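Visitor: Pasting in a structure now, in C-alpha cells, and then I'll have a few things to ask.
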Amino acid sequence: MPAADAAGLGTTLRDASLVLGKDLRLEWRSRVLVSQVVPFAVLVLVLFAFALDPDRRVLDEATPGLFWLAVLFSTLLALQRAFGVEAADGVTDSLRLSGLDPAGIFLGKAAGIAVHLVALQVVLGVGVTIFYGSTPRGPLLLVCTCLAATAGLAAVGSLYGVLSAGMRVRDTLLPLLLLPVVAPVLIAATEAFAAAYDRTSGEGWRWFGLLAVFALLYLAIGIFAFETLLEES
Amino acid sequence: MAFLIAAQDDEWAYVAGAYGLVIAVLVAYAAWTIVRGRRIGRRLPPEERRWM
Amino acid sequence: MNAQPSGPAVARDTGTGAGLLRVHPDGTASRGSRVFGLVLAVALAAFLAFALVLSPADRGATASENEMGDLVRIMYVHVPVAIACYLAFLVTAVASAAYLWKRTEGWDLLAAASAEVGVVFTALTLATGSIWGHIAWGTWWEWDARLTSTLLLLVLYLGYLALRRAVLDPVVRAKRAAVVGLVAFVNVPIVHYSVDWWRSLHQTATISRFDPSIDGLKLFALLFGMVVVQALYVWLMIHRFRLQYAEAQLEAKGLDLALAERRAEAVADLPGPLAGAQKGSS
C-alpha cells in the first residue's frame, strides 16, 4: 500500500515539524540555550585549558577530544532542559493525548535537540579556534562528522530523555544511562576530527561511516520504541 | 617473556587470588539472594509462592 | 485482614523434606532446586580439583607458545565466567524483546533477575581478567577492545538496574526497562568495533590474548568449567527469579492495599448518603 505509506509518512513529518516548531518557539521565548548552555560549554573549554596547560601545543593536540567532551556535557544540560520543562508542565501527557504520531513526536524532539547541538558546535568550533589555536584542514569531513554525530546524539538523547522523564532521580540517572551508550560517538567523532585536523592518516571517513550507522540505528530504535515509552501504564 | 619467569614465584598467589575472589563473591551473592528471598517470602502467604 | 507478617499457623520451622534436602519454609528454594544445588556443589568441587590440582601447568614439552605456567589456571575460571556474563545479558535482551512483544509480567521479571546476576558475573570477569593481565602484561588495566567493552557493558547494566529502582509504577518500569535492556545489548557490538578500531590506530602490535594451544586435561578443565559455571548461572537464576516474582507479588499487594486505603479515605471524605452507598457496594 504505497499510498497509505506515503500518507503515513506525510503525517509523521507534519507532526514532527509541529513538535519541532513548538520546541524552537519555547527556546526562542526562554533563551535557555543562549543564556545558559552555550556559556557553560565555553566555560568547559576554559576549564580544560586550566586543567591541561596554557601551552598551545598540548591543547591543539587534544582539541578533537576536548571539543566532543564539551559537546557531550552540554548535551546533557540541553536534554535535561528539553525534557524537564515538559515533565514539569505535564506536556508529555498532552503530547500523548494530542493524537500526534509517536514517531513524529520522536523525530520532532530529536530535530529540536539537533538544532540546539548544531548551534552549540558552531560556538565551540569558534572557541577552539580562538582559545586553542586549532585550524581544520578538512572542512568537508569536519562538517559531515558534526552532522552525523549530532544526529546520533539527538536520537539517543531523545530516547533516553523521554525514558527518564518524570522521575525524581532524573538528573543523576540520565548521565549514567546516556554516557555509556554514546561512548562510540565520542570515540568516532574524536577520531574523525583528528583526521580533519590532519593529525592522522585518511581514516576519517571510516569513522564518519560508523557515526552514520549509529545515527540511523538509533533513529530507527526511537521511531519504533517511542510509542511504548510515551504510554503510561 | 622475562617477566613471566621472574614472576613464577608468586604465580600461585595470583591464581589463588583469582579463584578465591570468584568463589567468595559468588558465595556471598548466593547467600544474599537466599536471605533476601526468605525475608520477602516471610511477608508473602504460602499460596502465592508458586514454586512451593 | 491478611496483612499480618506471621501468616497461617502451620508448623513453620520444619519445612519440607529431610536431611540435606530440607527446604526453608519461607525461602526461594524448592526440592528440585535443592537437588540441583547439591549436584552443583559436588561438580564445583570436582572442577576445582581438575583446575587447580589435576591438570598440569602450562610448561614443558607441549607448552603453548607463550608458556603461562600455573597462570593458565586463571583461564579456566575467567573464560567460563565471561561466557556466563554474556549469556546473562543475552537472556535479559531476549526477555526484554519478549516483554515488548507479549507484554506479560514474567518476561520483565526474567530480564530483571538475569541483569543482576549478569552484573555480578561481569564484575568477576573484569576482576579475573585484570589479575591475569597484571602478571601477563605487567599492568592491571589495558585499553584493549574486549576489556573496555566489558567495562562499558558493566556500566550500561548498572544503569539498567538503577533505572529499575527509580521508577515506581510496575508497568511503566517494565516498559522503560525493556527498551533499555534491548538498547544496551544492541550497543555492545558497536562499542566493541569502535574500541577495536580506536586501539588499532594507536598501537602497531596487538597484545597476545588468551590463545594458548591447550589440550588434554587442560582443555577438559576449561570445558568442565564452562559447563559448571553455566549451571551455576542457572541455579542462581532460579533463586533470583523467584525472589523477583515474590517482590512483584508483594509490590502488587502493597499497591492494592494503598489503593484501598486511598479509597477508604475518599469515601470517608464524601458526604453522608453517597459514602453509605459506596461502602455498601465495596
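The values are calculated or read from the model by the stated rules, or taken from the named source; none is laboratory data. Keep in mind that what you see is a predicted model, and the values were worked out from it rather than measured. Using ideal geometry, Cβ is built from the backbone for each residue, glycine included, and neighbour counts are taken over all protein chains shown.
Visitor: Looking for something in a helix (DSSP H, G or I) and of a type in the set (D, E, K, R) - is there at least one such residue anywhere in region A:40-53?
Guide: no
Visitor: Being touching a residue at least 24 places away in the same chain (Cβ under 8 Å) and under 26 Å from A:Leu216 (Cβ atoms) narrows it down to one residue among A:Thr75, A:Thr63; which is it?
Guide: On inspection, the qualifying residue turns out to be A:Thr75.
Visitor: Quick one: which residue in A:Leu140, A:Leu107, A:Leu69, A:Leu59 is buried (at least 17 other Cβ atoms within 10 Å of the Cβ), among the hydrophobic types (A, V, I, L, M, F, W, C), touching a helix residue (DSSP H, G or I) at 6+ places or on another chain (Cβ under 9 Å) and within 17 Å of A:Phe193 (Cβ to Cβ)?
Guide: A:Leu59
Visitor: Specify which of the listed residues (A:Thr150, A:Thr190, A:Thr145, A:Thr172) is closer than 26 Å to A:Asp101 by Cβ, β-branched (Val, Ile, Thr) and more than 8 Å from chain C (Cβ to nearest Cβ).
Guide: From the options A:Thr150, A:Thr190, A:Thr145, A:Thr172, the qualifying one is A:Thr150.
Visitor: Checking A:Ala165 against (1) assigned to a helix (DSSP H, G or I); (2) under 21 Å from A:Asp23 (Cα atoms), which test does it fail?
Guide: A:Ala165 satisfies all of (1) assigned to a helix (DSSP H, G or I); (2) under 21 Å from A:Asp23 (Cα atoms) except (1).
Visitor: Does any residue of region C:121-140 turn out to be free of Cβ contacts under 8 Å to residues at least 24 places away in the same chain, touching a Ser or Thr at 6+ places or on another chain (Cβ under 7 Å) and facing another protein chain (nearest Cβ under 8 Å)?
Guide: No: zero hits.
Visitor: Further question on the same structure: Working only within region C:152-173, note down all residues that are at the interface with chain A (Cβ under 9 Å from one of its Cβ atoms), farther than 27 Å from C:Asp196 by Cα and either in contact with a strand residue (DSSP E or B) (Cβ under 7 Å, 6 or more places away or on another chain) or part of a helix (DSSP H, G or I) (or both).
Guide: C:Ala162, C:Leu163, C:Arg165, C:Ala166, C:Pro170, C:Val171, C:Val172
Visitor: Here is a further query. Assess whether C:Ser149 counts as being part of a helix (DSSP H, G or I), at the interface with another protein chain (Cβ under 10 Å from one of its Cβ atoms) and surrounded by fewer than 21 Cβ atoms within 10 Å (Cβ to Cβ). Don't jump to the end; show me each part of the working.
Guide: Working: part of a helix (DSSP H, G or I): yes; at the interface with another protein chain (Cβ under 10 Å from one of its Cβ atoms): yes; surrounded by fewer than 21 Cβ atoms within 10 Å (Cβ to Cβ): no.
No; evaluated as a whole, the condition is false for this residue.
Visitor: Conditions first: (1) crowded, with 18+ Cβ neighbours inside 10 Å; (2) within 9 Å of another protein chain (Cβ to nearest Cβ); (3) part of a helix (DSSP H, G or I). A:Gln121 passes all but one, so which condition is the exception?
Guide: Among (1) crowded, with 18+ Cβ neighbours inside 10 Å; (2) within 9 Å of another protein chain (Cβ to nearest Cβ); (3) part of a helix (DSSP H, G or I), the lone unmet condition for A:Gln121 is (2).
Visitor: Any idea how many residues of region C:90-123 are part of a helix (DSSP H, G or I) and either basic (Lys, Arg) or more than 8 Å from the chain's Cα centre (by Cα) (or both)? Can you show your working first?
Guide: Start the filter on region C:90-123 by keeping residues that are part of a helix (DSSP H, G or I), which leaves C:90-102, C:105-123.
Then drop every residue that is not either basic (Lys, Arg) or more than 8 Å from the chain's Cα centre (by Cα) (or both), which leaves C:90-102, C:105-112, C:122-123.
The total comes to 23.
Visitor: Sticking with this structure for a sec: Would you call A:Pro175 in contact with a Leu (Cβ under 9 Å, 6 or more places away or on another chain) and surrounded by fewer than 23 Cβ atoms within 10 Å (Cβ to Cβ)?
Guide: In short, yes.
Visitor: Moving on. Scan region C:67-74 and tell me whether some residue there is assigned to a helix (DSSP H, G or I), modelled with pLDDT of 90 or more, β-branched (Val, Ile, Thr) and surrounded by 12 or more Cβ atoms within 10 Å (Cβ to Cβ).
Guide: no
Visitor: If C:Arg176 passes every condition in (1) within 7 Å of another protein chain (Cβ to nearest Cβ); (2) surrounded by fewer than 18 Cβ atoms within 10 Å (Cβ to Cβ) but one, which one does it miss?
Guide: In the conditions (1) within 7 Å of another protein chain (Cβ to nearest Cβ); (2) surrounded by fewer than 18 Cβ atoms within 10 Å (Cβ to Cβ), C:Arg176 misses (2) alone.
Visitor: So which pairs qualify, if the first residue must be in region B:22-48 and without any contact (Cβ under 8 Å) to a residue 60 or more places away in the chain, the second must be assigned to a helix (DSSP H, G or I) and among the charged types (D, E, K, R), the Cβ gap must be under 7 Å, and the two must be at least 6 apart or on different chains?
Guide: Close Cβ pairs (under 7 Å, with a partner that is assigned to a helix (DSSP H, G or I) and among the charged types (D, E, K, R)) amount to B:Thr33/C:Arg240; B:Gly37/C:Arg242; B:Ile40/C:Glu247.
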